[in-house]
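Chemist: Have a look at the structure that comes next, please.
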Amino acid sequence: MNLLQLMRDALPREPVAVLAAWLGESEPATDAALRGGALPAVLVGLVRQFGRDEPTARRLMELLQQGGHDGSLLSGLPAALSGGSATEALLLRGQGLHPLLFGEQANAVAALIAKSSGLRAASVQKLLGIAAPLALAAIARAVASDGLSAAQLAGVLRDQQPTLQSAAPDGLAIALGIRD
C-alpha cells in the first residue's frame, strides 16, 4: 500500500488550481510543492512519530478517532480546497499538527519546500497545514478499508520509507532524518 500515491490520487488538479489562486501562487509551483514536498513531508512526520511499533501506531489510531479523521475528506477535497472558510478550517486543523510532525524542524521543512518549489515560505506553511489532514484521511481510509490493527498499521507506515526517500526533495529527506 502506497499512502503517498493514495493522497496524490485523491487530489484532483482543479482544486489545486483554486488553492493556488487562494495562495496567490502559480498553479504549477503550488502543485509541485503540494504533491512533491508537503505531502511527502507530512507523511514522513507521521511515519517517524507513529510507525515505530504497535504502541505508537495505537496512538495514531486514537488521534484519528479523536480528531474525527475517517477518510471522508478524500471524497470532499474540491469543497475543502475551494479557498473559502472550508479551506481555512482545514488549514487550522492541520497546522496544529506541525509541532507533533516536525518538532523544531517545522520552519526548516517549510523553507526547504519553498526553495525547491519557488513558493513563498508562508504559502508552504499553509500547504503543510492542508497536507496534514489529507494524510490522516488517507491513513484512516486504509485502516478502515483493510481493517488494520495497530501492529499492522505500524508495518504499513514503516513500509512507506523507501517511497518517501525517493519522493522527498533533496535536503528535505536529510532534514527529516530519512536519508543521510
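Chemist: Kindly evaluate Glu104 against the criterion of being under 27 Å from Ala175 (Cβ atoms), modelled with pLDDT of 95 or more and open to solvent by 20 Å² or more (accessible area, probe 1.4 Å).
Modeler: no
Chemist: Being at pLDDT 90 or above and either under 24 Å from Gln5 (Cβ atoms) or open to solvent by 50 Å² or more (accessible area, probe 1.4 Å) (or both): is that true of Ala168 here? Full working, then the answer.
Modeler: On the way: at pLDDT 90 or above: no; either under 24 Å from Gln5 (Cβ atoms) or open to solvent by 50 Å² or more (accessible area, probe 1.4 Å) (or both): yes.
Judged against the criteria, Ala168 is not a match.
Chemist: Would you point out the residue of the range 117-153, among those that are part of a helix (DSSP H, G or I) and over 17 Å from the mean Cα position of the chain (by Cα), that is surrounded by the fewest Cβ atoms within 10 Å (Cβ to Cβ)?
Modeler: Ser145
Chemist: In addition: Looking at (1) free of Cβ contacts under 8 Å to residues at least 24 places away in the same chain; (2) open to solvent by 30 Å² or more (accessible area, probe 1.4 Å), which is the only condition Ala110 fails?
Modeler: Result: Ala110 fails condition (2) only.
Chemist: Is there any pair linking a residue in the range 1-30 that is touching a residue at least 60 places away in the same chain (Cβ under 8 Å) and farther than 14 Å from Leu127 by Cβ to one that is part of a helix (DSSP H, G or I) and open to solvent by 20 Å² or more (accessible area, probe 1.4 Å), with Cβ under 6 Å and at least six apart or on different chains, and which?
Modeler: Taking only residues 6 or more apart or on different chains, the pairs are Met1/Val156; Asn2/Thr163; Leu4/Thr163; Leu4/Ala167.
Chemist: Which residue is most open to solvent (accessible area, probe 1.4 Å), if the candidates are limited to the range 154-164 and must be touching a helix residue (DSSP H, G or I) at 6+ places or on another chain (Cβ under 6 Å) and not aliphatic (A, V, I, L, M)?
Modeler: To start, the set of residues in the range 154-164 that are touching a helix residue (DSSP H, G or I) at 6+ places or on another chain (Cβ under 6 Å) comprises 154, 157, 160, 163-164.
Right, trim to not aliphatic (A, V, I, L, M) and you get 160, 163.
Working: Gln160: 3, Thr163: 47 Å².
In this case the residue turns out to be Thr163.
Chemist: A further question on this structure: When the residues of the range 10-60 are narrowed to those that are farther than 18 Å from Ser149 by Cα and among the acidic types (Asp, Glu), which ends up surrounded by the fewest Cβ atoms within 10 Å (Cβ to Cβ)?
Modeler: Among residues in the range 10-60 that are farther than 18 Å from Ser149 by Cα and among the acidic types (Asp, Glu), the one surrounded by the fewest Cβ atoms within 10 Å (Cβ to Cβ) is Glu14.
Chemist: For Pro28, indicate whether it is assigned to a helix (DSSP H, G or I), out of contact with any Ser or Thr (no Cβ under 7 Å at 6 or more places or on another chain) and over 30 Å from Asp170 (Cβ atoms).
Modeler: no
Chemist: Which pairs do you get when a residue that is farther than 16 Å from Leu134 by Cα, found in the range 43-72, comes within reach of a residue that is open to solvent by 70 Å² or more (accessible area, probe 1.4 Å), reach meaning Cβ atoms under 6 angstrom, with the pair 6+ apart or on two chains?
Modeler: Gly51/Arg158
Chemist: Out of the residues in the range 61-94 that are over 13 Å from the mean Cα position of the chain (by Cα), open to solvent by less than 30 Å² (accessible area, probe 1.4 Å) and hydrophobic (A, V, I, L, M, F, W, C), state the one that is farthest from Asp9 (Cα to Cα).
Modeler: Out of the qualifying residues, it is Leu64.
The values are calculated or read from the model by the stated rules, or taken from the named source; none is laboratory data. As the structure is a prediction and not an experimental result, all values here were calculated from the model. FYI the Cβ positions are ideal-geometry reconstructions off the backbone, even for glycines, and counts take in every protein chain you see. These area figures cover heavy atoms from the full protein model, side chains too; ligands, DNA and RNA do not enter into them. Shrake-Rupley method; radii C 1.70, N 1.55, O 1.52, S 1.80 Å.
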